[in-house]
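Peer 1: Next up is a structure, given as structure tokens.
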Amino acid sequence: FEVVVLEADADFDSRKQGYGLTIQGYSSTTQALGINLAEDDAPSTSHYTFSSEGHILGFFGEAFGNKSKDRTEKQNSGRFIHIPRQKLRSRILDEIRPGTIMWSSKLKSFACWSGKGDSHTRNKNGVTVTLADGRTLDAALLVGSDGIFSSVRRQMDLPGDRLNYVGLVVVLGIVEDSGDAAVPPLVERRIFETVDGTTRIYAMPFTKMSTMWQLSFPYAEKAARKLVKDPAALKAEILQRCGEWHEPIPDLIRNTPLDGMAGYPVYDRELLAP
């Protein structure tokens, strides 16, 4: 069957780099997709959890077994890899049939139909999709894989369907290994997270030459919406929370440029019933 992807972006380069993904079940996942990501992996072989003072609360990973001792930088454990989102998109784009991605195609509305038209032009059931520029497409199925702010889900007008604020702000940042902002040894081929019971930071390799971190903390919804619009104020807030934590956390945050970080209030939705 024929598949098309409706993409609102004008082209591949319209989107920012994005942050990192950890792909679980690496071998089976990439085999199913028909792509090879081994060269793109920023590997990690251990995971540590610390208190804010730097005391080890726990650790695990293949670094503590025999299998990782002879593993080279290009070899993967087969269980997971770390990869930037845009790099993954690029690898997928290299392999799919030309024309599968319909750029500059923003969904405006859709309408389901049944038994409409003759059997040579339409299936018994289907959907007509209307795009923002007026184009229409007929399809057997529309999959709304467009995230928590899904346009498809919103137009279904489900009773009681709404975003639920979970009470947290998440801040994401990327630090490049250059000059004074060197990747700290603690995150070389390693994941670590630090918690104090309220605030949590998680850091992992982004590429072989950069580190990604994610920090979360509770915050009132109205104040959170205002805070994330001001990168300088957001950075000041997280430094106030973590500026005295163990190394390398203070420097990791300070060395992250304002245009290399972003914050978001965290929302969720109820699961859809089958």
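The values are calculated or read from the model by the stated rules, or taken from the named source; none is laboratory data. Predicted, not measured: the structure shown is a model, and the values here were computed from it. Please note: Cβ atoms are built from the backbone with ideal geometry, for glycine as well, and neighbour counts cover all protein chains shown.
Peer 1: Modelled with pLDDT under 95 and farther than 30 Å from Leu37 by Cα: is that true of Asp251 in this structure?
Peer 2: Here the answer is yes, as Asp251 does meet what is asked.
Peer 1: Another one. Going through the stretch 133-152 one residue at a time, which ones are closer than 27 Å to Tyr267 by Cα and free of Cβ contacts under 8 Å to residues at least 40 places away in the same chain?
Peer 2: Across the stretch 133-152, the qualifying residues are Leu142, Val143, Gly144, Ser145, Asp146, Gly147, Phe149, Ser150.
Peer 1: Also, quick follow-up: Restricting attention to the stretch 17-35, which residues are more than 17 Å from Pro205 (Cβ to Cβ) and in contact (Cβ under 8 Å) with a residue 12 or more places away in the chain?
Peer 2: Gly25, Ser27, Leu33, Gly34, Ile35, listed by residue number.
Peer 1: Residues of the stretch 89-107 being farther than 16 Å from Gly34 by Cα and outside any strand (DSSP E or B), which ones?
Peer 2: The answer is Gly99, Trp103, Ser104, Ser105, Lys106.
Peer 1: Among the residues of the stretch 242-274, which ones are crowded, with 17+ Cβ neighbours inside 10 Å and either part of a helix (DSSP H, G or I) or touching a Cys at 6+ places or on another chain (Cβ under 6 Å) (or both)?
Peer 2: Cys242, Ile249, Leu252, Ile253, Gly260
Peer 1: Could you count how many residues in the stretch 204-244 are basic (Lys, Arg), touching a helix residue (DSSP H, G or I) at 6+ places or on another chain (Cβ under 9 Å) and under 20 Å from Val175 (Cα atoms)?
Peer 2: The qualifying residues number 1.
Peer 1: Does any residue in the stretch 81-102 that is closer than 21 Å to Thr211 by Cβ come within less than 8 Å, Cβ to Cβ, of a residue that is of a type in the set (Asp, Glu) and assigned to a helix (DSSP H, G or I) six or more places away or on a different chain, and which pairs are these?
Peer 2: Pairs found: Ile81/Asp40; Ile83/Asp40; Pro84/Asp40; Lys87/Asp40; Leu88/Asp40.
Peer 1: Still on this structure, I have one more. Given the criterion at pLDDT 95 or above, in a strand (DSSP E or B) and more than 30 Å from Ile249 (Cβ to Cβ), identify the matching residue among Val171, Val166, Val129.
Peer 2: Every option except Val129 fails the conditions.
Peer 1: Just to be sure I understand, how many residues within the stretch 215-241 are in contact (Cβ under 8 Å) with a residue 24 or more places away in the chain and either surrounded by 14 or more Cβ atoms within 10 Å (Cβ to Cβ) or of a type in the set (D, E, K, R) (or both)?
Peer 2: 14
Peer 1: Cβ-Cβ distance below 6 Å, separation of 6 or more or different chains: which pairs start in the stretch 188-199 with a residue that is in the same structural domain as Leu252 (by TED's automatic domain parsing) and end on one that is basic (Lys, Arg)?
Peer 2: Thr199/Arg241
Peer 1: Those residues that are under 26 Å from the mean Cα position of the chain (by Cα) and surrounded by 12 or more Cβ atoms within 10 Å (Cβ to Cβ), I need them from the stretch 133-147; list them, please.
Peer 2: The answer is Leu142, Gly144, Asp146.
Peer 1: Quick check on Arg71: is it within 24 Å of the chain's Cα centre (by Cα), among the basic types (Lys, Arg) and either at pLDDT 80 or above or within 20 Å of Pro185 (Cα to Cα) (or both)?
Peer 2: no
Peer 1: What are the residues in the stretch 39-50 that are surrounded by 14 or more Cβ atoms within 10 Å (Cβ to Cβ) and either in contact with a strand residue (DSSP E or B) (Cβ under 6 Å, 6 or more places away or on another chain) or assigned to a helix (DSSP H, G or I) (or both), if any?
Peer 2: Across the stretch 39-50, the qualifying residues are Asp40, Asp41, Ala42, Ser44, His47, Tyr48, Thr49, Phe50.
Peer 1: May I pose another question? When you go through (1) touching a Lys or Arg at 6+ places or on another chain (Cβ under 9 Å); (2) of a type outside the set (Lys, Arg); (3) modelled with pLDDT of 75 or more; (4) assigned to a loop (DSSP other than H, G, I, E, B) one by one for Glu53, which number turns out not to apply?
Peer 2: (1)
Peer 1: Taking the criterion of being at negative phi, assigned to a helix (DSSP H, G or I) and of a type in the set (A, V, I, L, M), would at least one residue in the stretch 204-216 satisfy it?
Peer 2: No, the stretch 204-216 has no match at all.
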